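The values are calculated or read from the model by the stated rules, or taken from the named source; none is laboratory data. Here the structure is a predicted model, which means the values were calculated and not measured. All Cβ positions, glycine included, derive from the backbone under ideal geometry; neighbour counts span all protein chains shown. Quick note on the areas: whole protein, heavy atoms, side chains included, nothing else; ligands and nucleic acids left out. Shrake-Rupley method; radii C 1.70, N 1.55, O 1.52, S 1.80 Å.
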Amino acid sequence: MLDLWYKNAVIYCLDVKTFMDSKGDGVGDFQGLADRLDHIEALGCTCVWLLPFYPSPNRDNGYDITDFYGADPRLGTLGDFVTFIRAAHDRGLRVIVDLVVNHTSIDHPWFQAARRDRASPYRDWYVWSDEEPADKEEGVVFPGVQQATWTYDETAGAWYMHRFYKHQADLNIANPAVRAEIEKIMGFWLQLGVSGFRVDAVPFLIEHRGLEEQEKPKGDPHRYLTRMRDFLSWRKAEAILLAEANITMDEVDDYFGAEGDRMHLIFHFMLNQNLYLALAREDAEPIRRTMAATPQIAFQSQWASFLRGHDELDLGRLTDAERQECFAAFGPEPTMQIYGRGIRRRLAPMLHGDDRRLKLAYSLMFALPGAPMLFYGEEIGMGEDLSLKERDAVRTPMQWADEPNGGFSKAPADRLLRPVPETGPFNYRDVNVAAQRDRPGSLMDDLQRLIRVRRACPEVGWGRCTVLDVGESSVLGLRYDWERGTLVILHNLAERPVEVVIPADDLTGLRPLFCNEQDRTMRDAREPIALTAYGYRWLRAHGERR
Ligand code: NOJ
């Protein structure tokens, strides 16, 4: 029996290091996180995604791992991890963790053994070249910070391949021993109680760059994703794979599998980028266009929707002109931009702290077909710290209260892993959980209600979605049908108030579920519906369909 819990999951992504420090050493830990699970539960989220928490020199915020079977000692022991898992399960929360197996830190014992000895069994766990590769400057992921994708290693006497920073050597995924080890890693964490993985850099796992043709696995490389899925499901039927795969729409089948037998969920990067374009233009057309271009996926597959995450807002799939529109609207200063393609800011500052637009943006994201994901701090509208390097700008500690260090830690401020913003409109005194809790109309209060409504609308996760032509380009009109339930959801992306008519001759009454203003009126589906500036309405078709 398949367990499709993820189809309607509400995912909360956090970094243990920056969530809550229980020991007062300036670094968040598992005990602190366990103490704050009530917050995540009260919000209504159903699944927690932990960013990497493994032993690491932390040159890429933990995505540079030195031991796949451990926990960073600053965060706690594996015992603390399991205690946290149990506390999460007690509250009905599932936990997924990052699976980062495209590469290891160059400090990993495997790489150290491999570089020192050509005869080491670990040599072939990585990708080497004796000659200087002609393509060594191609495919750089972090332009401006990363110089190349191959680096010469004196000790090894050879070049090693790294798609990311040079301290992250790529594993040779074509090597059966590496594949076996990846399964062992998955099996280990499943056994400790996780419900699956957010899989890092999925397209690179199957690219086999730097290998000779005869070294590459035969057949369609995407079949490896089926293999991962099979292994996962054999070990734990309810477990999921959530892919970080910024793919084009003609690759959708390859990654989900035409039968829905590869990745369970994939972040919809294309829709995310076009959503920002739509917000910038105050016109829903880029969203409609992207939804029309998104192929049908199998019933057991699902998109993951998001506004912001722990990386830059990547706008690389837009045209140059479209990207410039987004830069102008959301990140006009050079320091706000990164890697030539993105913005290293959080949502609230990008929307100038405009409460109306923030609430609209979240309501819109939750209304899209898929499972919504929130990045910690989004629920209160946290800002960024542009004085921090690269993407660390959006990774400042959680702001819990108007207390020293925002209530994140009792350590002296200069000992914190990263500073808590003290100045500017998003400082911890003005923006924190305690100030918004139980305050009707606060962003957090609104999100809590939104999540409750979204969870009571299984049509969004399960149903057939139709984009409605409501006659106003600024308005995104969505209709969901599932079993006997029908939803109509309207979002006005513009400041200009509008009136729209729903093209739904088969519907009679509409009952409001969630709106930007007080609305309890049952209405006739044929009557025009007014939307205020940045207004939205979630409506349920009431009674019999005609
Ligand atoms: C994608 C992660 O989201 C990012 O934070 C990281 O730098 C790269 N993968 C490399 O692991």
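Which entries in Lys184/Lys236; Lys7/Lys184; Lys166/Lys218 show an alpha-carbon gap greater than 18 Å?
Numbers: Lys184/Lys236 13 Å; Lys7/Lys184 27 Å; Lys166/Lys218 29 Å.
Those over the limit are Lys7/Lys184; Lys166/Lys218.
Tell me whether region 321-403 comes out rounded, prolate or oblate; compute the Cα gyration tensor, take square roots of the eigenvalues as a ≥ b ≥ c, and use a/c under 1.5 as the rounded threshold.
On the way: a/c = 1.69, a/b = 1.08, b/c = 1.56.
Since a/c reaches 1.5 but b/c is at least a/b, the shape of region 321-403 is classed as oblate.
When the C-alpha atoms of region 463-542 are aligned to their principal axes, what extent does each axis show, in angstrom, from largest down?
35, 24, 19
If you wrap the chain's Cα atoms in a convex hull and average its projection over all directions, what's the area in nm²? The partial results should precede the final answer.
Numbers: hull surface 99.2 nm².
Averaged projected area of the chain's Cα convex hull equals 24.8 nm².
In a Debye calculation with equal point scatterers on the alpha-carbon sites of region 175-302 and no solvent, what is log10 I(q)/I(0) at q = 0.19, 0.20 Å⁻¹?
-1.08, -1.15
What FRET efficiency would be calculated for the residue pair Asp469, Gln147, taking the C-beta separation as r and a Förster radius of 35 Å, to the nearest 0.05?
Computed FRET efficiency for Asp469 and Gln147 comes out at 0.10.
Over the chain, average the accessible area per residue using a 1.4 Å probe and give it in Å², no decimals. Working shown, then result.
Details: 20930 Å² over 546 residues.
So the chain comes to 38 Å² accessible per residue, rounded to a whole number.
Please report the orientation-averaged projected area of region 109-170, defined via the convex hull of its C-alpha atoms, in nm².
Values: hull surface 15.7 nm².
Averaging across all directions leaves 3.9 nm² for the Cα convex hull.
Can you list the aspartates and glutamates whose alpha carbon sits under 16 Å from that of Lys410, skipping same-chain ones fewer than 8 residues off?
Asp21, Asp25, Asp29, Asp35, Asp402, Glu422
Using only C-alpha atoms and all pairs of different ones, pull out the Kirkwood radius for region 357-487 in Å with one decimal. Please report the intermediate quantities before stating the final value.
Numbers: mean 1/r = 0.0589 Å⁻¹.
The Cα-based Kirkwood calculation yields 17.0 Å.
Suppose we flag chymotrypsin sites (Phe, Trp or Tyr not before Pro) only when DSSP calls them loop and at most 14 other Cβ atoms lie within 10 Å. Which is the longest uninterrupted stretch of the chain?
Details: sites that count: Tyr69, Phe299.
After excluding every exposed loop site, the longest remaining stretch is 300-546.
At a Förster distance of 56 Å, what's the computed FRET efficiency of His542 paired with Gln214, Cβ-Cβ distance as r, to 0.05? Working shown, then result.
Values: r = 64 Å, r/R0 = 1.15.
Calculated value: 0.30.
Please give every one of the aspartates and glutamates within straight-line cross-link reach of Lys216, meaning a C-alpha to C-alpha distance under 12 Å, and leave out same-chain neighbours fewer than 8 residues apart.
Glu207
Can you give the extra length, in nm with one decimal, that the chain gains between Thr83 and Glu131 once fully stretched, where that is 0.36 nm per residue apart less the Cα-Cα distance? Working shown, then result.
Details: separation 48, 0.36 × 48 = 17.28 nm, distance 4.95 nm.
The Thr83-Glu131 span can extend by a further 12.3 nm.
Around Phe204, under 13 Å between beta carbons, what's the net of Lys plus Arg minus Asp minus Glu among the other residues?
Values: positive: Arg163, Arg209; negative: Asp170, Asp200, Glu207, Glu244.
Overall, the nearby charge balance is -2.
Of the accessible area of the chain, with the probe set at 1.4 angstrom, what percent is carbon plus sulfur? Intermediate values should be presented prior to the final figure.
Details: 10260 of 20930 Å².
Accessible surface attributable to carbon and sulfur in the chain totals 49 percent.
Note down the nm distance, to one decimal, between modelled labels 7 Å out along Cα→Cβ at Arg227 and at Leu388.
Here the modelled spin labels are 3.8 nm apart.
Using only Cα atoms, what is the ratio of the radius of gyration of region 285-350 to 2.2 N^0.38 Å?
Details: Rg = 14.0 Å, N = 66, 2.2 N^0.38 = 10.8 Å.
Relative to the rule-of-thumb radius for its length, region 285-350 sits at 1.29.
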